[in-house]
1. Among the residues of the range 59-98, count how many are touching a strand residue (DSSP E or B) at 6+ places or on another chain (Cβ under 7 Å) and either of a type in the set (Gly, Ala, Ser) or part of a loop (DSSP other than H, G, I, E, B) (or both).
2. Consider Gly136 against the criteria (1) out of contact with any strand residue (DSSP E or B) (no Cβ under 6 Å at 6 or more places or on another chain); (2) open to solvent by 80 Å² or more (accessible area, probe 1.4 Å); (3) not polar (S, T, N, Q): it satisfies all of them except one. Which criterion is unmet?
3. Going through the range 57-89 one residue at a time, which ones are crowded, with 18+ Cβ neighbours inside 10 Å and among the aromatic types (Phe, Trp, Tyr)?
4. Looking only at the range 113-132, decide whether some residue is in contact (Cβ under 8 Å) with a residue 24 or more places away in the chain, farther than 27 Å from Ala181 by Cα, open to solvent by 50 Å² or more (accessible area, probe 1.4 Å) and in contact with a helix residue (DSSP H, G or I) (Cβ under 8 Å, 6 or more places away or on another chain).
5. If the Cβ limit is 8 Å and pairs must be 6+ apart or interchain, which residue in the range 78-97 that is under 15 Å from Arg238 (Cβ atoms) pairs with which residue that is open to solvent by 60 Å² or more (accessible area, probe 1.4 Å) and at pLDDT below 90?
6. Please go through (1) within 24 Å of Ser31 (Cβ to Cβ); (2) over 18 Å from the mean Cα position of the chain (by Cα); (3) of a type outside the set (A, V, I, L, M) for Thr89 and return the number of the only condition it doesn't satisfy.
7. Kindly provide the set of residues from the range 98-110 that are open to solvent by 50 Å² or more (accessible area, probe 1.4 Å) and either modelled with pLDDT of 90 or more or touching a Phe, Trp or Tyr at 6+ places or on another chain (Cβ under 7 Å) (or both), ordered by number.
8. Sort out for me the helices (runs of 4 or more DSSP H) sitting completely within the range 140-247 that have 3 or more residues that are at pLDDT 90 or above and loosely packed, with under 13 Cβ neighbours inside 10 Å.
Amino acid sequence: MRVVVAMSGGVDSSVAAALMVEAGHDVVGFSMQLYDQRDIDTGFGSCCSLDDLHDAKRTASILGIPHYVINFQEQFKALVTSNFVSEYTSGRTPIPCVHCNSELKFTHLLDRAVTLKAEAVATGHYVRVEKDLTTGDFVLKTGLDLEKDQSYFLFGLNQEQLSQAIFPVGNFSKAFVRSYAREKGLPVADKPDSQELCFVPSGEHVEFIEKHAEVQTGGGVIQNLDGKVLGEHKGIHRFTIGQRRGLGIQSEEPLY
């Protein structure tokens, strides 16, 4: 069958594409452009950089599959980054990866895949999907490599999306994935994993929020439930409910 593989330029999605080719499917690689590459002052991290897109295209060339870059700048801003900023400025903790997966990759990307008459979208997530033979429902399960399991980020997928999702690396360990990539001669075999939010440089979420929203930066006092002043802050957008680290005050007991 025809399968669209979401290729981020990393080793996991590259191996996912390779496994689909090896399985005999008609594979098409899609990479998402999420921000204007000409704008050097976006405040974005390394997400879908030109280097990543180039790595995805090189991998697709080695695998002998067509590769397309899809412009999802507006959708990414509306569904992911704007929600991230809105939640933080409201004192809540956002989960941008969930929105990106359920509302972008498995909605808009799946819509594009359908136009190519593809029957499924494959990604490099470490998860598995199985069909419950009793209920007929599709069940999202953890990846076999529990240290890399990403099922948490896909909990928002509905039955229709799960029925059209394939996760080729979910049955393998990370060590196997890298070994397989080396065996196939993929240029991303030893490419480091991304650990932080893809669109925010490490430790700079406050700067990102201030760049993309009008926030009150005047600051104020930090006090406990009894009204005792414990310190000062430089804006409530720097904090979220339940936060423990980075409060900037000294205490003999944990404060949240």
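The values are calculated or read from the model by the stated rules, or taken from the named source; none is laboratory data. All values reported here derive from a predicted model rather than from experimental measurement. Neighbour counts are summed over all protein chains in view; Cβ atoms, including those assigned to glycine, are modelled from backbone coordinates with ideal geometry. Ligands, DNA and RNA are excluded from the accessible area calculation, which covers all protein heavy atoms including side chains. Shrake-Rupley method; radii C 1.70, N 1.55, O 1.52, S 1.80 Å.
1. Of the residues in the range 59-98, 4 are touching a strand residue (DSSP E or B) at 6+ places or on another chain (Cβ under 7 Å) and either of a type in the set (Gly, Ala, Ser) or part of a loop (DSSP other than H, G, I, E, B) (or both).
2. (2)
3. Those that are crowded, with 18+ Cβ neighbours inside 10 Å and among the aromatic types (Phe, Trp, Tyr): Phe72, Phe76, Phe84, Tyr88.
4. no
5. Filtered contacts from the range 78-97: Val85/His212; Glu87/Thr93; Gly91/Ile236; Gly91/Ile241; Arg92/Ile241; Thr93/Ile241.
6. Of everything listed in (1) within 24 Å of Ser31 (Cβ to Cβ); (2) over 18 Å from the mean Cα position of the chain (by Cα); (3) of a type outside the set (A, V, I, L, M), Thr89 misses just condition (1).
7. Of everything in the range 98-110, just one residue is open to solvent by 50 Å² or more (accessible area, probe 1.4 Å) and either modelled with pLDDT of 90 or more or touching a Phe, Trp or Tyr at 6+ places or on another chain (Cβ under 7 Å) (or both), namely His108.
8. The helices (runs of 4 or more DSSP H) meeting that bar are 174-183.
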